[in-house]
1. Using Cα pairs under 8 angstrom and six or more residues apart, how large is the relative contact order of the chain, in percent?
2. Ignoring everything except DSSP H segments at least 4 long, calculate the 222 nm mean residue ellipticity for the chain; use -39,500 (n - 2.57) per segment, divide by total residues, nearest 500.
3. Would you kindly give the portion of the calculated P(r) for the chain that falls above 18 Å, as a percent of all Cα pairs?
4. When DSSP assigns beta bridges and you keep just the ones with both residues in the chain, what percent turn out antiparallel, to the nearest 5?
5. I need 48, 54 ordered by Cβ neighbour count within 10 Å, fewest first.
6. Give me the angle, in degrees from 0 to 90, between the Cα long axis of helix 69-79 and the longest principal axis of the Cα atoms of the chain, rounded to the nearest 10.
Amino acid sequence: MVILTDEQVADDAYRPLRPWLLEDDRRRVHVINLAGYAPLAFPQNGISRIGGFSDRLLELLPLLEAQDPIGWMKAFGREHGLEVG
């Protein structure tokens, strides 16, 4: 799930998402702050928070969705002729 927001909400704004996330541990929520106040916060409890939007974000979302981010990065590197340690 991707949510586009300006994050002008109360501190407990993520409360409605928690039951949905708990139904399946593979579920992820990516909250994109269009105002861009904060940098990327890697997923915690199924929620990642991203500050700002750009076309590069579309490349980042699969990495955040990957169950094996290191494996995803290595595969991406091989596909693009890059060496990934």
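1. About 21 percent, as a whole number.
2. Taken over the chain, the calculation gives -8500 deg cm²/dmol.
3. Of all Cα-Cα distances in the chain, 48 percent exceed 18 Å.
4. Given both bridge residues lie in the chain, the antiparallel proportion sits at roughly 20 percent.
5. Listed from fewest to most nearby Cβ atoms, that is 54, 48.
6. Tilt relative to the chain: about 40 degrees.
Throughout, read-outs are computed from the coordinates displayed, never taken from laboratory work. Keep in mind the model is a prediction, meaning the values are calculated, not measured. In this analysis, Cβ positions are derived from the backbone assuming ideal geometry, glycine residues included, and neighbour counts consider all displayed protein chains.
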